[in-house]
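Below is one structure, written out as structure tokens; the observations come after it.
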Amino acid sequence: MDPVRTEVMKNRFAAIAEEASNVAYRTAYTTFVKQTQDYQVALANREGEFFAYPVRQGVTSSVCQNLRPMVDEIGIENLAPGDIIISNDPFSGDALCTHTMDIHMIRPVFRDGSIIAFGWAFIHASDIGGAVPGSISPTSKEVFQEGVRIRPNLLYRKGELNRQLWNFFADNSRIPDLIWGDLQAMLSGLSLLDRRAQELCERYGTAGFLEGVADVIALSELKARQAIARLKAGEYVFNDYLETHDGKGHIYIQARLRITGETLEVDCTGSDPQVPFSLNFVTGERTHPFLCMPIINYVLTTEPTIPMTGGIIRPMRTKAPKGTLLNAEFPAAMGNRWVAVMRLYDAILGCLNQAVPGGLAAAGAGQAGIIAVAAFDEATGRQHVSVVEPFIGGTGGRCNGDGVDGIDTPVGFLKSAPIEAVELETPFVIRRFMIERDSFGPGRHRGGGAVRIEMENKGLGATVTVRGLDRFRFQPWGAMGGGAGHSGRTVLNPGTPEEREIGKIDVLELKEGDLLRMITPAGGGFGDPFEREPRQVLEDVLAGLISRDSARADYGVVIAGDEVDEAATARTRAARRNDRLGPAFSLGPVRSALEETWPPTASATLADTVMRAPLGLRPYIIETLRQRLGRSGQKITVAAVQSAAEALFRERRLV
């Protein structure tokens, strides 16, 4: 590897990726692409690994995906110049697509009659048909309810549009013209990538271009190995929970991180089976970035000069048994899958806190509530579907600073839509969009704050769907003595006789004048709150972020006027310091109470045992066993789970 040439090629690849992504972004049509930026354009090698990937706009979490399995569905030998592969099928292409709303396109880059690379682009389509506007309902039970599904096929063949294929798609979307506009924007980006790759080949020769690709990916792998080697070798286990949509049940997620030298494995065995609603996702047989995203982010953080390529994931292995929530089988619904990705992120982050001396970070808000609205345009009489906002709370407090307000690490690439655009494209007037006071998880470094949004419907009627809401019961956990962050909530018509808590939203019909208030969860705190500098607490009080009561109760800081009362603060902290000593993770009362009855070992045993049952019976069996075992009111043991499962299997004649 020539270090000078590798650095030159690294920067050239990054530049052309950013240029192509910017072209796509600037010419897109829907709010979710042109404002929120849920899209991307990039270049991959013949093996499907990305070597030119943008970071300034668009989705960044797909850098370690692999295109080749989708290409192989068509056959690389069957491709010609001008071909464009299209698919949104999660059950094809070894999980490049992870839910049907993501439309992927692949363009082969030919040079002298041979394929030297693949251009790739995707958009999150704001509507592809299905049971509800926006195509995603948290309560969908099967993928059939989530819109049209297209296996890998050729949208363009030698530059000619396959109109029958596109018509089939367009006939199933509520907003086909807008989706077509987004796809055309992505095609422009793909065309530019092809042109820039040809220019690099003309300058450096085709062999030089391909050597540069291989070297840049190898450099990413080398730096990833160096970052992993700095982690403490060993095996670490952590778990977390998703909430069922009705707010009463839970779904168990477990991660086991094994670190050996320069390599590691994330094993999700012990996580619950796939569920009959849209939290599932597919990860296939290969190492999948959704199963190791915190590790990828750790590498990118500790190696800031690393090239953004698929080489980052080479030293990592992932495992999620087929049929579990994290590697679902057909016909699982997956529209709401990102909240499950985020909860696994938290579980792996809990492992990393054990592998990094001194800890790394507390849990973030753990949701990305995508608010979509469908309403009739009174001028045209046609229904219009638009995304309002990716509704996200703050990150957890970190080992080196406070959490970031209003955004969480796994979805840091999503942008808020401008209020003016929302009010132009929807019947809503945004009355408030703000950081929620006293929501932060307390800590030496406090968690990032929750977000409050208040939307008034000024139209005749509006249908609102929100996917990705979670942590209404299970709070984002604090780390290294930090406190848990606050939970989320939703209220309809607050401060009126019609006020009511509505919990998680599936499909909500708003009449004219209704006001919807939504508050996200907030990040957990990191480190003992009584070690936070009193001056920082004062600044938060003066900024209106926390109240004086919270300053005293959570931090032991007494504010007199606009200054810290040093003497009273010292007395308060001294009197209560022994009360602050607690476990490394502050889990919140709901989770702590659950684990008093259901220890993680029992939950993991239950999940593994239920996998012996046929796919369709697993939800019934796991819920039945939880109910039967929970009646005793006693702490549930592994042996009790195994005994109860054997009895139920015999009862249902499954043995």
* Scan region 153-169 for residues that are within 19 Å of TYR39 (Cβ to Cβ) and in contact with a helix residue (DSSP H, G or I) (Cβ under 7 Å, 6 or more places away or on another chain) and jot them down. => LEU155
* Asked: Only one residue in SER592, SER586, SER603 is under 30 Å from the mean Cα position of the chain (by Cα), free of Cβ contacts under 8 Å to residues at least 24 places away in the same chain and surrounded by 12 or more Cβ atoms within 10 Å (Cβ to Cβ). Which one?
  -> SER592
* Structure fact -> Going through (1) of a type outside the set (Phe, Trp, Tyr); (2) in contact with a helix residue (DSSP H, G or I) (Cβ under 8 Å, 6 or more places away or on another chain); (3) surrounded by fewer than 16 Cβ atoms within 10 Å (Cβ to Cβ) one by one, GLU235 fails only at (2)
* Asked: Of ALA197, ALA224, ALA170, ALA185, which residue is among the small types (Gly, Ala, Ser), under 30 Å from GLU265 (Cβ atoms) and out of contact with any His (no Cβ under 7 Å at 6 or more places or on another chain)?
  -> ALA224
* To do: Go through region 296-312 and give me each residue that's assigned to a loop (DSSP other than H, G, I, E, B) and not aliphatic (A, V, I, L, M).
  => GLU303, PRO304, THR305, PRO307, THR309
* To do: Might you let me know whether region 629-636 holds any residue that is in a helix (DSSP H, G or I) and over 28 Å from the mean Cα position of the chain (by Cα)?
  => yes
* Asked: Pick from region 208-232 the residues that are closer than 20 Å to GLY358 by Cβ and out of contact with any helix residue (DSSP H, G or I) (no Cβ under 6 Å at 6 or more places or on another chain): which of them is surrounded by the most Cβ atoms within 10 Å (Cβ to Cβ)?
  -> ILE228
* **Some residue of region 102-116 being surrounded by 21 or more Cβ atoms within 10 Å (Cβ to Cβ) and on the phi > 0 side of the Ramachandran plot** => no
* To do: Could you tell me whether PHE330 is touching a residue at least 60 places away in the same chain (Cβ under 8 Å) and within 30 Å of ARG612 (Cβ to Cβ)?
  => yes
* Structure fact -> Sole miss for ALA17 among (1) in contact with a Gly (Cβ under 7 Å, 6 or more places away or on another chain); (2) buried (at least 22 other Cβ atoms within 10 Å of the Cβ) is condition (1)
* Structure fact -> Counting only residues in region 353-373 that are among the polar types (S, T, N, Q) and touching a strand residue (DSSP E or B) at 6+ places or on another chain (Cβ under 6 Å), the one farthest from GLY441 (Cα to Cα) is identified as GLN354
* Asked: Name the residues in region 369-389 that are of a type outside the set (Val, Ile, Thr) and surrounded by fewer than 24 Cβ atoms within 10 Å (Cβ to Cβ), would you?
  -> ALA374, ALA375, PHE376, ASP377, GLU378, ALA379, GLY381, ARG382, GLN383, HIS384
* Pull up region 504-527, narrow it to residues that are over 21 Å from the mean Cα position of the chain (by Cα) and in a loop (DSSP other than H, G, I, E, B), then point me to the one that is nearest to ASN336 (Cα to Cα). => ASP514
* Counting only residues that are assigned to a strand (DSSP E or B), in contact with a helix residue (DSSP H, G or I) (Cβ under 9 Å, 6 or more places away or on another chain) and not hydrophobic (A, V, I, L, M, F, W, C), which one in region 117-142 is surrounded by the most Cβ atoms within 10 Å (Cβ to Cβ)? -> GLY119
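Any read-out appearing in this document is the output of simple, stated calculations on the displayed coordinates, not a laboratory observation. The structure displayed is predicted, hence computed values, not measured ones. Neighbour counts are summed over all protein chains in view; Cβ atoms, including those assigned to glycine, are modelled from backbone coordinates with ideal geometry.
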